[in-house]
Amino acid sequence: MKKIFLLSISIALLSFYSCSSQQNPEITVPELKSHLDFLAGDVLKGRYPGTPEDSILAHYISREFKSYGLEFFSENGIQHFDFVTSSKQGDSNSLIFNGSEASPDDFMPFAFSSSGSVSALTVFAGYGFDLKNDTIGRNDYSGIDIKGKWVLILRGNPLSEDKKNVFSSAQKDRDKVMLAKDKGAAGVILVSGSKFLAIDELNASSGNSAQVGIPCFQVTRNLANKILSPAKVSVTELEDQLFQNQTVNSFDIEVKIEGTAEIIQQKTKTSNIIAYIKGSDPLLSNEYIVIGAHHDHLGMGGEGSSSRMPDTIDVHYGADDNASGVSAVLEIAEKISQLKPRKSIIFVTFGAEEKGLIGSGYFAANSPVPIENIGLMLNLDMVGRLRDSSLQIGGVGTSPGFKSFLMETEKESPFKFSLSEAGYGPSDHASFYAKDKPVLFFSTGAHADYHTPNDRVDSINLGGLKDITAYIADIAMHFANQDSRLAFQEAGPKESTSGRYRGKLSFGIMPDVSEEGTEGLKVLAVTEGKPAAGAGMKKGDVIVAIDGKTVGNIQDYMFRLGQLKQGDRVPVTVLRNGSRIELLVQL
Ligand code: BES
Ligand code: ZN
C-alpha cells in the first residue's frame, strides 16, 4: 500500500519533470542538463534496481520515448525481468569425506551452486577441459567414469599465463562445472593450485550467477590434500605434473564424499525500457541498430554494492555512470525521431547493469526482434566527463571497417579518439558481442569519483556531453542509411578473463629506480595502451600512493602492486607540478 502511494506521488512528480523541456528536437545542453538533474538527483536515490525509484525511472524514460513519437514492442516499452538480489549460504552446508567432517573454513559453495545433497565416490579430472579445435585437443575426462560421482578439478589452466592462451575462454569456474555436469557428474569440487592462486584462500565468486543444477564447492588446498590422501598425492604435485607434462592425468580417488550445498537466492523485478523507430526503407527496415545505455546505479551504496566507498551510505548519484549515457540516448532518440533512418533503430535503457550486465543479457536472450536482424549495437556508458577532448571507443575490432571509418570521422570531430579493439568490456555491449554482433562502446573513461557518492551532475562536462551525443547520433544515422550490413569480426574473449591470476601485474610505466628515498616513485615513461596511460598518468608524475596507501619508493610500489589483482580498478595518487592528482588505474 505504502509502495503504491509512494509511486502515485512520484508519478505526479514525474509529470512535473518529464517533458517540460522537450520542445526542441535538437540535442541541447539545457535538455541534457534537465535529464541529468532528474536521473541523478535526490528523487531517484541512486537508481537501485527493484526499488520504487526504479519504477519512477522506468516511467520517466518510457514517457520521454513516447513523447518523441517512438513505438513500443510491449506496454510502455517495459521489458520486465528478475535479477538475484542476494545469494547467500544457508545453514546446512557440509562436506563429509570418509566419515570426517570438513571445517567450514575449508569449503564454500559457489554462488552458482544449486542446493542439494550428494553422497558419492570421487574422481580427479585435472583441469576439467574437453577441448578440440585447430590449436588444441585435450580431454581431461578421457579414461575415467564420472557418472553420478563427485569430480575434483583444478581452477585455471596448465599454462598459467595471465595473458590469453588456448584455455582462457574455457576456464571459468562455472563453465567447468557445466561441462562436468553435462558429462554426468553429480557434484563438483574446485581447488586453486598455488600457481593459480598463491594464497590458499577461498575466493568463489559471489553474486548473481544463475544456478548450474548440481551442488558445487570451492575448497582450500588444505582440504583437497586430505581428500586426495588415498591417492598419495597433493594438489601442488598434481599441478606441477600437469604443467610439466602437458598431458592429462585423471584418476579415481578412493574416497566417498557426502556433500550438502544450500544456497538461498532472493530475486527482485526490474526492467529494460525499449522503444523503436521503424526504418523508412522497406528493403532495409527489418535490420535493426540498437542504441543503448544502462539506467541503473548503486542506490545508497554500502557493502557488496560495488561502491568504492562502501562505508559511506549515501546517494550514489551516478551522474556520469550512467545518467550521462541515458540522457544522451534520450536526446539521440528525440533527434532521430525527426529524421528518416532507412534501417530501424531500437533505443533501449538497460536495468541491472551494475549487477552484472543482467538487463542487456536478458535483452540479448529475449530480443523483441529476431536477434539475427540486429546488425550493430552502440553502447553509451559514462560519457559525461570529457577531458582533453579524449573520447574512448571500444569494440573497433568487431567489424572490419570500423577503425578506418572512425578515424575518418575523427578529423571532422572535436575529439581525440582512444580506440580499443576488444569486443568485451565492462558494460552492456559485452552482451551483444557475446552474440557475435559488431559493437561500439563510447566512454569518457574512469575517474576518481567513479562508483562513489561524488559522481554528481556538477562535475559533468555538459558541452562535452552534447558534442558526444551529437556525434553518436550522426554515426548512428550513417550506419542506419547504409545498404550493406556490417560484417562481424572476433575481437578478443567473449567474457571477462580478469580477476584470476595474481602476481604478474604491471601499470605499464618505467619507474625511476635510481632515486632512493621515501618521497614517492618517479615515472620516467608511460607505455601507450597500458593501464597507467589509460588513467592519464604522465611522464614526470611521482606516484605517492596506491589505493590510499603510501608509496615512498620502488619497493613500496612493488609491494602495493603485489596486493592487487588483474581487473582491479585502483586509485593512484601522483604529484604533478606540485599538486596531488588522483587517477584511477584499471588493471
Ligand atoms: N560504467 C561502468 C563501466 C565503465 C567503467 C565504463 C569505467 C567506463 C569506464 C559500469 O557501470 C560498471 O560499473 N561495470 C562493472 C562491471 C560489470 C560487468 C558489472 C565494473 O566495471 O566493475
Ligand atoms: Zn558502474
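Which listed residue (Ile509, Val523, Leu583) has the Cα farthest towards the positive end of the charge dipole for the stretch 509-586, taking +1 on Lys and Arg C-beta and -1 on Asp and Glu C-beta about the Cα centre?
Among Ile509, Val523, Leu583, the one farthest towards the positive end of the dipole of the stretch 509-586 is Leu583.
Probe of 1.4 angstrom, ligands and nucleic acids ignored: what's the accessible area per residue over the stretch 509-586, in square angstrom? Please report the intermediate quantities before stating the final value.
Details: 4250 Å² over 78 residues.
On a per-residue basis, 54 Å².
How many angstrom lie between the C-alpha centres of the stretch 442-472 and the stretch 169-195?
40
Say the dipole of the chain comes from +1 at the beta carbon of Lys and Arg and -1 at that of Asp and Glu; which of Ala476, Gly304, Ala535 then lies farthest toward its positive end?
Ala476
Nearest 20 debye, what's the magnitude of the dipole of the stretch 509-586 about its Cα centre given +1 on Lys and Arg Cβ and -1 on Asp and Glu Cβ? All intermediate terms of the calculation are to be shown ahead of the outcome.
Values: 10 positive and 10 negative charges, 51 e Å.
With only Lys, Arg, Asp and Glu charged at Cβ, the dipole is about 240 debye.
State whether the stretch 92-261 is rounded, prolate or oblate according to the following rule on the C-alpha gyration tensor (a ≥ b ≥ c being the square roots of its eigenvalues): a/c under 1.5 gives rounded; otherwise a/b larger than b/c gives prolate, and the remaining case gives oblate. If you can, show how the numbers build up before the last one.
Values: a/c = 1.39, a/b = 1.30, b/c = 1.07.
The shape class here is rounded.
If you take the charge dipole of the chain about its Cα centre, with +1 on Lys and Arg Cβ and -1 on Asp and Glu Cβ, which of Ser92, Gly464, Ala364 is farthest toward its positive end?
Ala364
What share of all Cα pairs of the chain, in percent, falls into each consecutive 10 Å distance bin?
Histogramming the chain at 10 Å steps yields 3, 16, 24, 24, 19, 11, 3, 0 percent.
I need the peptides 294-303, 474-483 ranked by packing, meaning the mean over residues of other C-beta atoms within 10 angstrom, with the highest value on top. Don't skip to the answer; put the middle values down first.
Working: 294-303: 23.4, 474-483: 17.7.
So the order, starting with the most tightly packed, is 294-303, 474-483.
Mean Kyte-Doolittle hydropathy of -0.5 or higher plus an axial Cα length of 20 Å or more: which whole DSSP H helices in the chain meet both? Show your work: numbers first, answer last.
Values: long enough: 2-17 (22 Å, 1.54); 52-67 (23 Å, -0.62); 462-480 (27 Å, 0.85).
Flagged H segments are 2-17, 462-480.
Using a 1.4 Å probe over the heavy atoms of the protein chains, calculate the carbon and sulfur portion of the accessible area of the chain as a whole percent.
Working: 12330 of 24620 Å².
Ligands and nucleic acids excluded, carbon and sulfur give 50 percent.
For Gly567, which sequence-distant residues (separation of 5 or more, or a different chain) have an amide H within less than 5 Å of its own amide H, given hydrogens modelled in the peptide plane?
Result for Gly567 returns Gly499, Leu587.
Each label point is 7 Å from the Cα along the Cα-to-Cβ direction; what then is the distance between the points at Glu254 and Val233, in nm?
Placing both labels 7 Å along Cα→Cβ, they lie 1.6 nm apart.
Rounding to the nearest 20 debye, state how big the charge dipole of the chain is about its Cα centre with +1 on each Lys and Arg Cβ and -1 on each Asp and Glu Cβ.
Details: 58 positive and 71 negative charges, 115 e Å.
For the chain, the charge dipole is close to 560 debye.
Please give the per residue accessible area of the stretch 92-261, computed with a probe of 1.4 Å over protein heavy atoms only, in Å². Before the final figure, lay out the partial values.
Details: 7010 Å² over 170 residues.
Roughly 41 Å² per residue, with all protein chains present.
The values are calculated or read from the model by the stated rules, or taken from the named source; none is laboratory data. Quick caveat: nothing in here was measured; it's all calculated off a predicted structure. Cβ sites come from the backbone with ideal geometry, for glycine too, and all protein chains shown count toward neighbours. To get the accessible areas, we keep the full protein, side chains included, count just its heavy atoms, and leave off ligands, DNA and RNA. Shrake-Rupley method; radii C 1.70, N 1.55, O 1.52, S 1.80 Å.
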